Amino acid sequence: MTFHVVALFPSAFDSYLGESILKRAIEDKKVKVVFYNPRDYAYDKWNRIDQKPYGGGPGMVIQALPVARAIERAKKAAGRKKAKIIFFSPSGKQFDTPYAKKIAKSYDHIICVCGRYEGIDARVRRMFTMDEVSVGPYVLTGGELPAMIVMDSISRQVEGVLGNYDSREEERIASPDVYTRPEVVTYKSKNYRVPKVLLSGHRARIDEWKKGRMKPRG
Ligand code: SAH
């Protein structure tokens, strides 16, 4: 799975991609991440890509062409393989696990387009076929975190990324409450015990208990 990330601040990704499961997935070549900075496709020699919004209002807008050129470059890198383009916007469709699964199954190349400031000139949305995706009902300062959320969630669906493919909890009975050693935790002279059923070794009863704890999910 290759993620092509169009972003103004690519180093924002370093710490998260450099740890734990995603780090290993990249080392094992199950996942690849390539960056395209619209600044490298700017018009002027100062590499400026933001301008004041037409119609007035606060903040700056990212120009259409530097972003379009970056997307074009990413599409070229994907080659003849079909690439899904995801355009991050707080007013997009809510991202969820069923969507992550569908994308992971149907595409080997995903192009993530991250905005900043007041967003990207709306004409870019007319230049490409893209899914407009929101990661939740809140506004962030940029599309970098949304891209990381989507990359993390889709990577989990790629075989070999999780140590055990079956550990994808949406595929099994998984309680949101989990326990590990020791059996009794003493904190401020109070004892906290593991639910008895989990110590019973009784598979069916344990699954029944887990089901009872589960919340609906994708
Ligand atoms: N005034 C603009 C602010 C854009 S936020 C507006 O209300 O639309 C700047 C960028 O952050 C966006 O272009 C988008 O790429 C990203 N972003 C912010 N919140 C997001 C969210 N909830 N989901 C996905 N992307 C988001």
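The values are calculated or read from the model by the stated rules, or taken from the named source; none is laboratory data. This structure is a prediction, so every number in the text was calculated from the model and none was measured. Glycine gets a Cβ as well: all are built from the backbone with ideal geometry, and neighbour counts include every protein chain shown. With ligands, DNA and RNA removed, areas are computed over all heavy atoms of the protein, side chains included. Shrake-Rupley method; radii C 1.70, N 1.55, O 1.52, S 1.80 Å.
Could you pull out the residue among ALA7, ALA74, ALA64 that is in contact with a helix residue (DSSP H, G or I) (Cβ under 6 Å, 6 or more places away or on another chain), closer than 21 Å to MET148 by Cα and touching a residue at least 40 places away in the same chain (Cβ under 8 Å)? Talk me through it step by step, then tell me what you get.
On the way: ALA74 fails: in contact with a helix residue (DSSP H, G or I) (Cβ under 6 Å, 6 or more places away or on another chain); ALA64 fails: closer than 21 Å to MET148 by Cα.
ALA7 is the lone residue from the list that is in contact with a helix residue (DSSP H, G or I) (Cβ under 6 Å, 6 or more places away or on another chain), closer than 21 Å to MET148 by Cα and touching a residue at least 40 places away in the same chain (Cβ under 8 Å).
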Contact list, first residue from the stretch 89-103 and on the phi < 0 side of the Ramachandran plot, second anywhere and away from the ligand (no atom under 14 Å from the Cβ) and of a type in the set (Asp, Glu), beta-carbon distance below 6 Å, six or more apart or interchain, is THR97/GLU170
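Among the residues of the stretch 185-218, what is the count of those that are of a type in the set (Gly, Ala, Ser), in a loop (DSSP other than H, G, I, E, B), open to solvent by less than 80 Å² (accessible area, probe 1.4 Å) and over 30 Å from TYR99 (Cβ atoms)? Lay out the reasoning, then the answer.
Kept after step one, since they are of a type in the set (Gly, Ala, Ser), are these residues of the stretch 185-218: 189, 200-201, 204, 212, 218.
From what's left, in a loop (DSSP other than H, G, I, E, B): 189, 200-201, 218.
The next check asks that each one be open to solvent by less than 80 Å² (accessible area, probe 1.4 Å); those that pass are 200-201, 218.
Pick out the ones that are also over 30 Å from TYR99 (Cβ atoms) and you get 200-201.
Residues in the stretch 185-218 being of a type in the set (Gly, Ala, Ser), in a loop (DSSP other than H, G, I, E, B), open to solvent by less than 80 Å² (accessible area, probe 1.4 Å) and over 30 Å from TYR99 (Cβ atoms): 2 in total.
Within the stretch 126-149, identify whether any single residue is more than 10 Å from the ligand (Cβ to nearest atom), in contact (Cβ under 8 Å) with a residue 60 or more places away in the chain and within 18 Å of the chain's Cα centre (by Cα), and answer yes or no.
Yes, the stretch 126-149 contains at least one residue that is more than 10 Å from the ligand (Cβ to nearest atom), in contact (Cβ under 8 Å) with a residue 60 or more places away in the chain and within 18 Å of the chain's Cα centre (by Cα).
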Would you say ARG126 is within 30 Å of ASP50 (Cα to Cα) and either open to solvent by 70 Å² or more (accessible area, probe 1.4 Å) or in a helix (DSSP H, G or I) (or both)? yes
Residue pairs within 9 Å by beta carbon, gap of at least six or interchain, first lying in the stretch 109-122 and near the ligand (Cβ under 7 Å from one of its atoms), second assigned to a loop (DSSP other than H, G, I, E, B) and of a type in the set (Ser, Thr, Tyr), listed first then second, are ARG116/THR141; TYR117/THR141
